[in-house]
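Take a look at the structure set out below.
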Amino acid sequence: MSKLRIYGLARTRAFRALWIANELGLDYEHVPIEIGAAGARQPEYLAINPNGRLPAIEDGDFVLWESLAITLYLAKKHGRLYPATLEGEAKAWQWSLWSVQEVDRGVNIWSLHAMRLPPEDRDHERRAEALKVIEAPFKVLDGALAARPYLLGEDFTVADLNVAAVISRAIDMELPTRPHLADWLARCLARPAARKALALRAEADAQVPLEVTRAIARNNRL
């Protein structure tokens, strides 16, 4: 079997692909390239992935570039963490897509203006607004976890991985009014595979130049 290649920096959505690969115990090569002309727009990468998007995986001759599709694909291919029923599969897709649509941007705005930008660049109004945006979705997630330890029942699945990965930076939030969500997120991110991916992300975060973080916030209107 060909070695899996994962393209993208661990501080980006590649974090999700790295987590699932570690969770499944896969043999993989991490290629930590950046977006733009110096990275994903280089001819060598475009020859693999003409879409020029990150993250991406190369699994033999198969290329996939959407992070949530990557995690679901790998879980199903390797027969672990993927739901065994059609209903469970549908719920896994539901929660995965929901997390991106409802909370991804809000958590990113909060983390930038609470932690990742230097104090002089933080916008307290944007941070407060981000918290308002995610208040209702977090209430939904907290309620879904009130009666069971994981999103699909008693066991950790790719649904939990996808949602926890999307909102992983929320681990630094104070969530006293969302105890089920807080406990679940801490439980997911305490998994050995998650800790390994988080360490890669922390290393990548520490290496990013301040001007790049500022550009990310500016260019994405975060």
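The values are calculated or read from the model by the stated rules, or taken from the named source; none is laboratory data. Here the structure is a predicted model, which means the values were calculated and not measured. Using ideal geometry, Cβ is built from the backbone for each residue, glycine included, and neighbour counts are taken over all protein chains shown. Each accessible area value is taken on the protein alone, full model and side chains, heavy atoms only, with ligands, DNA and RNA left out. Shrake-Rupley method; radii C 1.70, N 1.55, O 1.52, S 1.80 Å.
Values computed for the structure shown
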{"item": "Matching residues in region 111-126 - criterion: being more than 20 Å from the chain's Cα centre (by Cα) and either assigned to a helix (DSSP H, G or I) or acidic (Asp, Glu) (or both)", "result": "Pro119, Glu120, Asp121, Asp123, His124, Glu125, Arg126"}
{"item": "Every residue from region 139-176 that is open to solvent by 40 Å² or more (accessible area, probe 1.4 Å) and either in contact with a Gly (Cβ under 8 Å, 6 or more places away or on another chain) or in a helix (DSSP H, G or I) (or both)", "result": "Lys139, Val140, Gly143, Leu152, Ile171, Asp172"}
{"item": "Odd one out for Ile57 among (1) within 19 Å of the chain's Cα centre (by Cα); (2) part of a helix (DSSP H, G or I)", "result": "(2)"}
{"item": "Number of the exception - Pro179 against (1) at pLDDT 95 or above; (2) closer than 25 Å to Lys91 by Cβ", "result": "(1)"}
{"item": "Of residues in region 39-78 being more than 17 Å from Tyr28 (Cβ to Cβ) and among the small types (Gly, Ala, Ser), the one most open to solvent (accessible area, probe 1.4 Å)", "result": "Ala47"}
{"item": "Close pairs (7 angstrom Cβ cut-off, 6 or more residues apart or separate chains): over 20 Å from Phe15 (Cβ atoms) in region 67-84, assigned to a loop (DSSP other than H, G, I, E, B) and among the hydrophobic types (A, V, I, L, M, F, W, C) anywhere", "result": "Pro83/Leu152"}
{"item": "Flag for Leu185 being at pLDDT 90 or above and within 25 Å of Tyr7 (Cα to Cα)", "result": "no"}
